[in-house]
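Data block below; observations after.
Read the figures in this text as sums done on the coordinates, not as results from a lab. The structure displayed is predicted, hence computed values, not measured ones. Please note: Cβ atoms are built from the backbone with ideal geometry, for glycine as well, and neighbour counts cover all protein chains shown.
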Amino acid sequence: MINNNIKSIIKLLHNNKPHAIFELHQRFRLTHSESMIALGWLNDNNIIEVSENEFSLKYNINTKDIHQLYEMVRHSDFKLEKEEIDKYISNSLKSECHYLPDLSIISEELKVEI
């Protein structure tokens, strides 16, 4: 789980009102899949309720609980972040490698003779 996405949602929920899922993209630039993963984690832990286009805090959670949750998430270390970074590092080119593009996929009309 991406730690920052959960923190962003918790900050947004601090006013105890329902919010549109699209608002996560507008305010925090989260993609739909990032939003749904973070909302799914919060929903699985019985913190929020998610409807078709909106999400809100469960009725029994107050702002003190939100603050405690924020502190817990802020100081936690989700292993998925390290796993994601390691995946990108293993797939990246080494600094001494040169990239040669595949020019065969370019349309002949776009090619210029030199």
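Along region 36-45 the Karplus relation, 6.51 cos²θ - 1.76 cosθ + 1.60 evaluated at θ = phi - 60°, assigns HN-Hα couplings of 5, 5, 5, 5, x, 5, 5, 5, 4, 8 Hz to successive residues, with x for each Gly and Pro. Cross-link check: pairs K11/K58; K7/K87; K17/K58 evaluated at a Cα-Cα cut-off of 19 Å; pairs beyond the cut-off: K7/K87. About its Cα centre, the dipole of region 24-114 is roughly 440 debye, where the only charges are +1 on Lys and Arg Cβ and -1 on Asp and Glu Cβ. The angle between the Cα long axis of helix 79-91 and the longest principal axis of the Cα atoms of the chain comes to about 0 degrees, rounded to the nearest 10. The calculated 222 nm mean residue ellipticity attributable to helices in the chain amounts to -15500 deg cm²/dmol, summing -39500 (n - 2.57) over DSSP H runs of n ≥ 4 and dividing by all residues. Distance between the 7 Å Cα→Cβ label points at C97 and Q68: 4.9 nm.
One entry in (1) 1.45; (2) 1.29; (3) 1.56 is Cα Rg over 2.2 N^0.38 Å calculated from the shown coordinates; its label is (3).
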